[in-house]
Amino acid sequence: MPPWITWTAPADGALVRGTFEVTVVGHDLLDDSPRTLLQGLVDTDGDTTDAHATATIVTGNGPLPVTAVATDSSDNATTEVRTFIADNLAPVLQVTGVVNGGIYADNQVVTFGQQDLHPGTTTATLDGGAIPSGTLVTSEAVHTLVVNGTDQAGNVATPLSWTFTIDKTSPTITVTGVTSGSYYNTNRTISFALSEAGGTVAATLNGNPFSSGSVVSTQVAYTLVVTGTDLAGTPAPTVTIAFGIDKTAPTISIGGIVNGTWYGIGVLVAPGYSATDTGGSGIASVTATVDGVAFSSGNPVTGPGMHTLVVNAIDNAGNPAVTQTRTFGIDTIAPVISVSGVASGAWYGIGVTVAPIFSATDSGGSGLATVTATLDNVAYASGTPVSGQGLHTLVVNATDHAGNAAATQTRTFGIDTTAPVISIGGVVNGTWYPNAVAPTFSATDSGGSGLASVTATRDGLAYTSGTSITLQGAHTLVVTATDVAGNTVSQTRTFGIDTSGPVISFDVTTPPSGSAHNADFHVKATATDNFGVVSFTMTQPTGLTDEAPSVGQLDVVVSPLALGDQTLTVSLRAVDQAGNPTVVTRTFVLDRTKPTVSIGAPANAAWVISSPLALSGAATDATSGVDRIEVVVDGPTPGTNDSVLTLNWPAGGQAWATT
């Protein structure tokens, strides 16, 4: 007989959730401990050979089959299956008739339940009191609905806690900032609101969408329309407001007079005034006074002196016009002109500031309107210095505010600020001349007044143009010219006359002309002149360096080595300030080549028995020539008892002889 199995677990088909434990025990008549196990599950006691098997099962959702097998020692086996229904899903609560946060304008039926595979129980409270599903809610209030639920498996739904409102009362609209039928002269901030919070309110201004709190600034007529609906959908009564903005002050017009104008005899003065308003609100009032007394437009004003017209206006928006004031008067006396600073027909020269001053006075009461002047037909301001050369004409006019003209004043005068121009010929300033000179001079005047005098001095004495000057030395010529306007100018010329050239003197250290040299030597000289030497140079040969410290001195080193053998002519040239030249020369022989000497008798290495001994030979020199010959004859012992003969060299000879 096979074993049988007993279960410690929910019944077959039971709902389970979460974690639960299943225990099975195997029984057999002959085997006290048939091997029992739960297929696919782990035995919690770890022994899979005994008659007990326990497993902890974690559930999901849906059918959950569990299989138990018991096998006895004879391998007789019994298999049993229990199927559980796993449900770990919480139910979903459902409400109809209202929504969380909903607002309603009429009664609402509230129903509730749950959605679940194994529905359980669902309960609800409204404002704390239990209600059944399908309850009709009628009271106006904010209501709180709380719904709870549990399914058959014991899963608890997430509670619902909703609020909803029943509002059956229509809202109202309030508007601030403007009132119907009014005009304003300032910007308006218009605000509007619904009496119930959370509703919608909208507005149009002249048909265009308009937001609460916006500023209306443009001056025009407006129509504001405001509508609203509360959260329950109940509309508020529409509000319509007609208003206008007029920020433009009225404009006052005055005719018949010009502000600040004076009127003479025979002129009728009858001021007229009016006001206009373009802002839209219209004119409320226009008033006027003359000299503080109420005045009607168009009435004549008489009497001499100043008068003041004041006109005011205001529009229906309260905008005051800019007060208009006009002053005017009557004057019948002409002004009087005075001119100073110039005399008519006068001329003015260098150093004289010519600045005519003019003014005018008026005793008629209106005061001066204009005082104008022209100088040579160009506008002229009083006191302005006049500097233009030539004749000028000043014309001054004046008028008063009544239009009366003063008698014109005219002044004619001349300005010559150009000094004469002196011309001097025959000499150049700072120049020396080697012969007599005859300076000439003249003057011209371009300033307009003409020459008054032209005079000259030479070395402080009166001098006539073109007079010959022969006296040697430095001279100063001063020429002065004056024009008719008194402008004076002077020109000065300094010059000199020197007819003799410089004197050149060689220094005692300079070799004489014709001397011969085979080593460097100096050529030193000095140039002097009564009126100064301007240059002193060696003109031949060129390229040698002058070591003298100043003009008038010369120190040149002549190097035979550098210049080579030659007969050298040195030329010195000095020039004075007048250009007179002086030239001197010296000749030197440069010779660094030795003479050539030969011995003709006796022959070289010859023995001579005759006495006296006859000696002869020849000598030549291509540059400076042979000066002398020295003949040395040794004694019996070399270096002792030598005989030295010096022979003078004949001019033009080449042979020598002695005994």
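The values are calculated or read from the model by the stated rules, or taken from the named source; none is laboratory data. Only a predicted model underlies this, so the values are computations on that prediction, with no experimental measurement involved. Positions of Cβ are backbone-derived with ideal geometry, glycine not excepted, and every protein chain shown enters the neighbour counts. In case anyone asks, the SASA skips ligands and DNA or RNA and just uses the protein heavy atoms, side chains included. Shrake-Rupley method; radii C 1.70, N 1.55, O 1.52, S 1.80 Å.
When the scattering of the range 508-611 is computed by the Debye formula from its Cα atoms alone, each counted once and equally, what is log10 I(q)/I(0) at q = 0.25 Å⁻¹?
Relative scattering, expressed as log10 I(q)/I(0), comes to -1.35.
In percent, how large is the relative contact order of the chain, given Cα pairs closer than 8 Å and 6 or more residues apart?
Once divided by the residue count of the chain, the mean separation gives 5 percent.
Would you kindly calculate the translational diffusion coefficient of the range 345-500, applying Stokes-Einstein with the Kirkwood radius from alpha carbon pairs, for 25 °C and a viscosity of 0.890 mPa s, and quote it in µm² s⁻¹ without decimals?
Estimated diffusion coefficient is 127 µm²/s.
Which value, in debye to the nearest 20, describes the size of the charge dipole of the chain about its Cα centre when Lys and Arg Cβ atoms bear +1, Asp and Glu Cβ atoms bear -1, and nothing else is charged?
The calculation lands at about 4220 debye.
When the dipole is taken about the Cα centre of the range 1-116, and only Lys, Arg (+1) and Asp, Glu (-1) are charged at their Cβ, what size is it in debye, to the nearest 20?
That gives the range 1-116 a dipole magnitude of about 620 debye.
Say a paramagnetic label sat at a point 7 Å from the Cα of Thr408, along Cα to Cβ; which residues of the range 366-384 have their backbone N under 20 Å from it?
The answer is 369-382, whose backbone nitrogens lie closer than 20 Å to the label point.
Among Phe531, Gln553, Val589, pick out the residue whose Cα is farthest towards the positive end of the charge dipole of the range 515-598, where Lys and Arg carry +1 and Asp and Glu carry -1 on C-beta, about the Cα centre.
Toward the positive end, the furthest listed residue is Val589.
So, how do all the Cα-to-Cα distances of the range 1-160 break down into 5 Å bins, in percent, from 0 on up?
Histogramming the range 1-160 at 5 Å steps yields 2, 9, 14, 13, 10, 8, 7, 7, 6, 6, 5, 4, 4, 2, 1, 1, 0 percent.
What residues have an amide H closer than 5 Å to that of Ala321, excluding those fewer than 5 places away on the same chain, when H is modeled at 1.01 Å from N in the peptide plane?
Placed amide hydrogens put Ala313, Ile314, Asp315 under 5 Å from Ala321.
Scan around Leu391 for amide H atoms under 5 Å from its own, H built in the peptide plane at 1.01 Å from N, and keep only partners 5 or more places away or cross-chain.
Those qualifying (amide H under 5 Å, at least 5 residues apart or on another chain) are Ile415.
For the chain, what is the accessible area per residue in Å², given a 1.4 Å probe and the full set of protein chains?
52
What are the extents of the Cα atoms of the range 194-252 along their three principal axes, in Å, largest first?
Rounded to whole Å, the extents work out to 57, 18, 17 Å.
Once Rh for the range 82-186 is found with the Kirkwood sum over Cα pairs, what is the Stokes-Einstein diffusion coefficient at 10 °C and 1.306 mPa s, in µm²/s?
95
To the nearest 10 square angstrom, how much accessible area does Ile257 have with a 1.4 angstrom probe?
We get 10 Å² for Ile257.
Using θ = phi - 60° and the Karplus relation 6.51 cos²θ - 1.76 cosθ + 1.60, list the HN-Hα couplings for the range 47-53 in order, rounded to whole Hz, with x at every Gly or Pro.
10, 9, 10, 8, 8, 10, 9
For the range 74-136, with equal point scatterers placed on the C-alpha atoms only and solvent neglected, what are the log10 I(q)/I(0) values from the Debye formula at q = 0.14, 0.17, 0.21 1/Å, to two decimals?
-0.58, -0.74, -0.95
For the range 169-215, what are Rg and Dmax over the alpha carbons, in angstrom?
Rg and Dmax of the range 169-215, Cα atoms, are 11.9, 39 Å.
Restricting attention to the alpha-carbon atoms of the range 309-382, what are Rg (one decimal) and Dmax (integer), both in Å?
22.6, 73
What number results when the radius of gyration of the range 468-562, computed over Cα atoms, is divided by 2.2 N^0.38 Å?
After normalising by residue count via 2.2 N^0.38 Å, the value is 1.83.
Work from the charge dipole of the chain (Cβ charges, +1 for Lys and Arg, -1 for Asp and Glu, about the Cα centre) and give the residue of Pro209, Ser513, Thr174 farthest towards its positive end.
Selected residue: Ser513.
Quick one: Karplus J couplings for the range 119-125, per residue in order, coefficients 6.51, -1.76, 1.60, θ = phi - 60°, nearest Hz, x for Gly and Pro?
x, x, 10, 10, 10, 8, 10
Expressed as cubic angstrom per residue, what is the convex hull volume of the alpha carbon set of the range 340-404?
Enclosed volume per residue, from the Cα hull, is 90 Å³.
Order Trp262, Trp347 by their accessible area, 1.4 angstrom probe, all chains in place, largest first.
Reading off the accessible areas and sorting them downward yields Trp347, Trp262.
Can you tell me what percent of all Cα-Cα pairs in the range 182-303 are more than 19 Å apart?
It works out to 64 percent of all Cα pairs.
Per Stokes-Einstein, at 20 °C and 1.002 mPa s, what whole-number D in µm² s⁻¹ belongs to the chain, with the Kirkwood radius over Cα pairs as the hydrodynamic radius?
Result for D is 46 µm²/s.
Counting only protein heavy atoms, what percent of the accessible surface of the range 156-272 is carbon or sulfur at a 1.4 Å probe?
Heavy-atom surface of the range 156-272 belonging to carbon and sulfur, 1.4 Å probe: 56 percent.
Which ³J(HN,Hα) values in Hz, rounded to whole numbers, follow from the phi angles of the range 146-156 under the Karplus curve 6.51 cos²θ - 1.76 cosθ + 1.60, where θ = phi - 60° and Gly and Pro get x?
10, 10, 10, x, 9, 8, 5, 7, x, 6, 9
Show that you can apply the helix-only estimate: for the chain, add -39,500 (n - 2.57) for every DSSP H stretch of four or more residues, divide by all residues, and state [θ] at 222 nm to the nearest 500.
Result for the chain, helices only: 0 deg cm²/dmol.
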